[in-house]
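The structure under discussion appears below in the form of structure tokens.
The values are calculated or read from the model by the stated rules, or taken from the named source; none is laboratory data. Model, not experiment: these values are computed from the prediction. Glycine gets a Cβ as well: all are built from the backbone with ideal geometry, and neighbour counts include every protein chain shown. Side chains included, ligands, DNA and RNA excluded: accessible areas come from the protein's heavy atoms. Shrake-Rupley method; radii C 1.70, N 1.55, O 1.52, S 1.80 Å.
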Amino acid sequence: MNIIDELQEIYKEAEDLISNVKKESQLDDTKNLFIGKKGKLSLISKKMGNLDIEERKQVGQKINEISENLEKLIIIKRDSIKDEELNLLLEREKFDVLQPRKHRESGTLHPITSVQMEVEDIFVSMGFEVMDGPEIETDYNNFEALNFTEDHPARDMQDTFYTDDGNLLRTHTSAIQVRALKILKPPFRIIAPGRVFRYEEIDASHENTFNQVEGMVVGKNISVANLTYTMNQLLSQIFNKETIVRLRPGYFPFVEPGFELDFQCMVCEGKGCSVCKHSGWVELLPCGLIHPNVLKFAGLDPEIWTGFAFGLGLDRLVMMRYGISDIRYFNSGNLRFLKKFL
Ligand code: PHE
């Protein structure tokens, strides 16, 4: 067989192999077998030494022609393999958007959110408006306008995350009191739920990110009696039972007098049990009458206007409501915990 015929045979063989290839990796093997350094075409070109010039030219041309054609065939084959793979994938992943799913997993509200909504409803039914405020606050709104001067030791009660530009993550929703006083004309009643942040060591009862509901009423002749009545309403609706509250003195620079409000333990009705640590009382929230300086900061005359404010710790309320023992569950994203509230 002369060399040209031999080359023709090789070409046919390669063509056959290429057309039968199924995978891209096989295509590379086939390419090496024919046009690689040790491929069949280069073996033939080694035989060219024995040929005369005219034949050598012809054979050389043929080899070039064959290898160019084979390259082209390989490119075409590679494209068609890729197309086929894509079609297969599309076929496999095809689904009918209109077909109803057999069973649908739906999410649910986080227990904090659902109790917050309940608290909002209770206060709205008493004529309160719900207000919002930003999580990044100015030092002025979070501290200064609430009667914490720059070097006030009460700032140490709230370890704070500061931002590089001198602002801070609000340590309490009381910052919204300042915003309310700026925007609203008294008399008014607001609650302001929101996330708050403190640079805390985390344990079963402390989180760095937790939730409060601020309450604020400004009007004429507002007294501590209005405050305790409002809190009694809240508790009896949340726990579906009549409650008794008591006040102990508490200190916050923006209330005077300031209190800690407790309610009588509902488990033992004040007799003493493990829930109330045998005291008969459960601590609910800090509160008080608005400090005259806070009203003055907002341009209100404390001789005319008075008010009360409270800061409800929502996490604690939810924990009491559902008997949750560890505050860290709330932000854990633990589905086993969350599924209890489906
Ligand atoms: N903002 C206070 C805190 O987070 C609580 C508070 C609110 C106290 C309103 C009195 C009145 O500690």
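For the stretch 270-285, state whether one or more residues are β-branched (Val, Ile, Thr), more than 14 Å from the ligand (Cβ to nearest atom) and on the phi < 0 side of the Ramachandran plot. Spell out the reasoning first.
To start, the set of residues in the stretch 270-285 that are β-branched (Val, Ile, Thr) comprises 275, 282.
Filter once more, keeping what is more than 14 Å from the ligand (Cβ to nearest atom): 275, 282.
In the following step, the residues that additionally are on the phi < 0 side of the Ramachandran plot were identified as 275, 282.
Among the residues of the stretch 270-285, at least one is β-branched (Val, Ile, Thr), more than 14 Å from the ligand (Cβ to nearest atom) and on the phi < 0 side of the Ramachandran plot, which makes the answer yes.
Cβ-Cβ under 9 Å, sequence separation 6+ or interchain: first residue in the stretch 144-163 and closer than 19 Å to Ile176 by Cα, partner open to solvent by less than 30 Å² (accessible area, probe 1.4 Å) and among the small types (Gly, Ala, Ser). Which pairs?
That search, which allows pairs on different chains as well, returns Ala145/Ala175; Leu146/Ser174; Leu146/Ala175; Asn147/Ala154; Phe148/Ala154.
Can you tell me which of Ile238, Ile324 is over 23 Å from Arg198 (Cβ atoms) and either surrounded by 13 or more Cβ atoms within 10 Å (Cβ to Cβ) or touching a helix residue (DSSP H, G or I) at 6+ places or on another chain (Cβ under 9 Å) (or both)? Walk me through how you get there before you give the answer.
Values: Ile324 fails: over 23 Å from Arg198 (Cβ atoms).
It is Ile238.
Pairs needed: first member in the stretch 200-220, in the same structural domain as Ala175 (by TED's automatic domain parsing); second member anywhere, open to solvent by 40 Å² or more (accessible area, probe 1.4 Å) and β-branched (Val, Ile, Thr); C-beta distance under 8 Å; at least 6 residues apart or different chains.
Short answer, once both residue conditions are applied: Asn208/Ile202; Val218/Thr306; Gly219/Thr306; Lys220/Ile304; Lys220/Thr306.
The rows are residues; the columns are (1) open to solvent by 40 Å² or more (accessible area, probe 1.4 Å); (2) part of a strand (DSSP E or B); (3) more than 16 Å from the ligand (Cβ to nearest atom); (4) modelled with pLDDT of 95 or more.
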position: Asn226; (1), (2), (3), (4): yes, no, no, yes
position: Leu234; (1), (2), (3), (4): no, no, no, no
position: Leu261; (1), (2), (3), (4): no, yes, no, yes
position: Val267; (1), (2), (3), (4): yes, no, yes, no
position: Leu289; (1), (2), (3), (4): no, yes, no, yes
position: Leu312; (1), (2), (3), (4): no, yes, no, yes
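Is it the case that Leu27 is touching a residue at least 24 places away in the same chain (Cβ under 8 Å), in the same structural domain as Lys72 (by TED's automatic domain parsing) and surrounded by 15 or more Cβ atoms within 10 Å (Cβ to Cβ)?
Details: touching a residue at least 24 places away in the same chain (Cβ under 8 Å): yes; in the same structural domain as Lys72 (by TED's automatic domain parsing): yes; surrounded by 15 or more Cβ atoms within 10 Å (Cβ to Cβ): yes.
Yes, satisfied.
Being over 30 Å from Met231 (Cβ atoms) and of a type outside the set (Ser, Thr, Tyr) is true for just one of Leu109, Leu89. Which residue is that?
Numbers: Leu109 fails: over 30 Å from Met231 (Cβ atoms).
Residue meeting the stated conditions: Leu89.
What are the pairs with Cβ atoms under 6 angstrom where one residue, in the stretch 287-307, is assigned by TED's automatic domain parsing to the domain that holds Arg179 and the other, located anywhere, is within 15 Å of the ligand (Cβ to nearest atom) and in a loop (DSSP other than H, G, I, E, B)? Sequence gap at least six, or different chains.
Close Cβ pairs satisfying both conditions: His291/Asn147; His291/Phe254; Asn293/Asn147; Val294/Asn147; Val294/Phe254; Thr306/Ile222; Gly307/Ile222.
Applying the selection to the stretch 236-251, what residues are touching a Cys at 6+ places or on another chain (Cβ under 9 Å) and either in a loop (DSSP other than H, G, I, E, B) or not assigned by TED's automatic domain parsing to the domain that holds Asp151 (or both)?
Narrowing the stretch 236-251 to residues touching a Cys at 6+ places or on another chain (Cβ under 9 Å): 247, 250.
Within the stretch 236-251, just Gly250 meets the criteria.
Picking from Pro249, Pro253, Pro257, which residue would you name as being open to solvent by 40 Å² or more (accessible area, probe 1.4 Å) and in contact with a Leu (Cβ under 8 Å, 6 or more places away or on another chain)?
Details: Pro249 fails: in contact with a Leu (Cβ under 8 Å, 6 or more places away or on another chain); Pro253 fails: open to solvent by 40 Å² or more (accessible area, probe 1.4 Å).
Only one candidate qualifies: Pro257.
Name the residues in the stretch 153-179 that are small (Gly, Ala, Ser) and within 12 Å of the ligand (Cβ to nearest atom), would you?
First, the residues of the stretch 153-179 that are small (Gly, Ala, Ser): 154, 166, 174-175.
Of everything in the stretch 153-179, those that are small (Gly, Ala, Ser) and within 12 Å of the ligand (Cβ to nearest atom) turn out to be Ala154, Ser174, Ala175.
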